Amino acid sequence: MLLVPVTGRGTFTRAKKILLNGVPGYPGPAPNERLGVVDTLIFADQVCDATEGEDHCGAKLLVDILNNKEIRVECFSVEGDTYHSSFTMDRLQFARMVTYNTFVPLSRTNEGSDVNGMNEHLRTTRVGTKVLLNKAPGIVIGRGTRGSSGREALSLSADMFEMDPKCLVETTGEQGLPMALFITLAIPVLNASVMKSVAGYLGRMESGDNKRCFHERDEEAAAYLKELILRKDFTMIDSDIEALRG
């Protein structure tokens, strides 16, 4: 969700349609147009609106926004007028990313491993749990829209201003996923059961040729989160701990 600057105050009443680099956005929900700005919802899998010679899509648009590239705006008002403007990320007043169906993979274990119960330690993740989304502070806002046996799906939210653009990767054509996100979370080890689950998970993550194990980016994310924790920039408040124990 972006608050897109379009024109001056009092110029038009409502936006009927808005395009960002040719990618259709969805105006709303708050009618801020009289202030010259438009609340605009952009989906990662949105395709370009028949703009010839361009290959823009929602995923590429979001990557460009995070990289502070200039974004072209074309807004059509209910009065029948068309307005043109542009913006960069550092000029926006509001930019928030919400993921609707972010899967937590069961594991990257070796072939044939017994993975039953390996994600028991993820049960400590709940609504309000703090996370890093593309290295920006965020929270879990609920379950994802879909899920399957052994695969948990979460819905997350975070401001985009602190996100690392290198963490957002367009993956158009790869298994139908428009982009890859970077999620990091801390697991509170509250009891022996959680400890056993974590130990079992780590024990299966063997390194070696032709074996699935921790990726280099996984280790970078863990190191970054550890740094924030040691600086006390990423903490769990007492009420969080008590709720998890309950």
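The values are calculated or read from the model by the stated rules, or taken from the named source; none is laboratory data. From a predicted model like this one, the values you see are computed outputs, not experimental measurements. We place every Cβ from the backbone using ideal geometry, glycine too, and count neighbours over all the protein chains shown.
The figures follow:
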{"read-out": "Residue in segment 99-112 that is modelled with the highest pLDDT, counting only those that are under 15 Å from VAL140 (Cβ atoms) and surrounded by 14 or more Cβ atoms within 10 Å (Cβ to Cβ)", "value": "THR99"}
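One line per residue, one yes/no per condition, for (1) part of a loop (DSSP other than H, G, I, E, B); (2) under 20 Å from MET89 (Cβ atoms); (3) at pLDDT below 85:
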residue: THR13; (1), (2), (3): yes, no, no
residue: LYS16; (1), (2), (3): no, no, no
residue: LEU19; (1), (2), (3): no, yes, no
residue: TYR26; (1), (2), (3): no, yes, no
residue: ALA30; (1), (2), (3): yes, no, yes
residue: ASP39; (1), (2), (3): no, yes, no
residue: ASP45; (1), (2), (3): yes, no, no
residue: THR51; (1), (2), (3): yes, no, yes
residue: ASP55; (1), (2), (3): yes, no, yes
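One line per residue, one yes/no per condition, for (1) exposed (fewer than 14 other Cβ atoms within 10 Å of the Cβ); (2) modelled with pLDDT of 90 or more; (3) more than 15 Å from THR99 (Cα to Cα):
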site	(1), (2), (3)
ALA136	no, yes, no
VAL140	no, yes, no
GLY147	no, no, no
ARG151	yes, no, yes
ALA158	no, yes, no
CYS167	no, no, no
THR172	no, no, yes
